[in-house]
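Notes follow the structure.
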Amino acid sequence: MPALQDLAALRAGAMLVDAGSFDEARRMLEPLAANDRTFRHTARELLVLAAWRAGDGSGAKRWFDMISTDAQTPPATRSRVEMLMALGATESKG
């Protein structure tokens, strides 16, 4: 049952990225991003997106670094987050 609860929390956190505040999304998703959690890669990706949308560059970088250094991060997740971070870097210069 814990995996089902984690999935429900992940979905709720994803909805908060779109419709809630960054702090609400972070509170919901951070526990799911721990190294021993099943959905950590998705939670971390959502945390990068939430921080990026909130204009929290250091928060986005923190989660990006965690994704980048985890050898088990799926390649598609890594690629999406790299594109988002590159977009953020481009926007901040522009």
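The values are calculated or read from the model by the stated rules, or taken from the named source; none is laboratory data. The structure presented is a predicted model; accordingly, all values stated were derived computationally and were not measured. FYI the Cβ positions are ideal-geometry reconstructions off the backbone, even for glycines, and counts take in every protein chain you see. Note: areas computed on protein heavy atoms with side chains; ligands, DNA, RNA excluded. Shrake-Rupley method; radii C 1.70, N 1.55, O 1.52, S 1.80 Å.
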- Item | Using θ = phi - 60° and Karplus 6.51 cos²θ - 1.76 cosθ + 1.60, couplings along segment 70-86 (whole Hz; Gly, Pro as x) | 8, 4, 8, 4, x, x, 5, 5, 4, 5, 4, 5, 4, 5, 5, 5, 5
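At 4 °C and a viscosity of 1.567 mPa s, what translational diffusion coefficient does Stokes-Einstein give for the chain, taking Rh as the Kirkwood radius over Cα pairs? Give it in µm²/s as a whole number. Please report the intermediate quantities before stating the final value.
Numbers: Rh = 13.2 Å.
The Stokes-Einstein estimate is 98 µm²/s.
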- With -39,500 (n - 2.57) per DSSP H segment of 4 or more residues and division by the full residue count of the chain, the 222 nm estimate, nearest 500 deg cm²/dmol, is -25000 deg cm²/dmol
- Query: Solvent-accessible area per residue for the chain at a 1.4 Å probe radius, Å²?
  - Reply: 60
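Which percent of the accessible heavy-atom area of the chain goes to carbon and sulfur, probe 1.4 angstrom? The partial results should precede the final answer.
Numbers: 3280 of 5650 Å².
Result for the chain: 58 percent of the exposed heavy-atom area is carbon or sulfur.
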- Query: Once the other residues with Cβ under 11 Å from the Cβ of Asp70 are scored (Lys, Arg +1; Asp, Glu -1), what is the net sum?
  - Reply: +2
- Task: Compute the distance in nm between two label points, each set 7 Å from the Cα along the Cα-to-Cβ direction, one at Ser21 and one at Ala34.
- Result: 2.5
- Item | Charged-residue dipole, Cβ positions (Lys, Arg, Asp, Glu), the chain about Cα centre, Debye nearest 20 | 100
- Task: Show me 36-48, 52-64, 71-83 ranked by packing, highest mean number of other Cβ atoms within 10 Å first.
- Result: 36-48, 52-64, 71-83
